[in-house]
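Bear in mind these aren't lab numbers, they're just calculated from the coordinates by the rules spelled out. Because the structure is predicted, anything quoted here is derived from the model rather than measured. For neighbour counting, all protein chains shown are included, and Cβ atoms are generated from backbone atoms with ideal geometry for every residue, glycine included.
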Amino acid sequence: MIKKTWKRWLLSALLAAALMFADTVALAQVNKWYRPGHPPAWVTGCFYYLLAWPLPLTRIVFPRPAGDADEGPSFLAVAAAGLIDLLLLTLLIYALLSRRARRKERAASV
């Protein structure tokens, strides 16, 4: 039973990473379609917010240094947001896979 749980965790992490990668590729493709202009904000927002929803929280934890002229988030804020997103997507996918396994097990025992 423990071996199956670890396999499910590994599969969940791989699926979460694949989902994040696919979202990044889709966002890049949308930007490519609209060249030389820019796509509408609602189009890019659909893809961007799946990846960057924790960024406003991590920008508070990892602010830019005082006197920095750049207005974007710090590298640590972006990295932490990606890690939080990966961990929570992994948990969500693990919960879905566990529920599916319990249903299969219950159906097999009946």
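In the range 45-110, the alpha-carbon atoms span a convex hull of 83 Å³ per residue. For trypsin sites (Lys or Arg not before Pro), no site in the range 1-58 is both called loop by DSSP and has at most 12 other Cβ atoms within 10 Å. Placing pseudo-labels 7 Å out from each Cα toward the beta carbon at Arg103 and Ile60 gives an inter-label distance of 3.7 nm. Relative contact order of the range 11-107, taken over Cα pairs closer than 8 Å and 6 or more residues apart, is 37 percent. Taking 7 Å steps out from each Cα toward its Cβ at Tyr48 and Ala18 produces label points 2.8 nm apart.
List the residue ranges in the chain for DSSP H helices whose C-alpha atoms run 30 angstrom or more along the long axis and whose Kyte-Doolittle average is -0.5 or above.
Span-like helices here: 2-33, 75-109.
Here is how the number arises for the chain: DSSP H runs of 4 or more residues each give -39500 (n - 2.57), the sum is divided by the residue count, and the result at 222 nm is -27000 deg cm²/dmol.
If you look at the Cα atoms of the chain, you get an Rg and a Dmax of 18.7, 67 Å.
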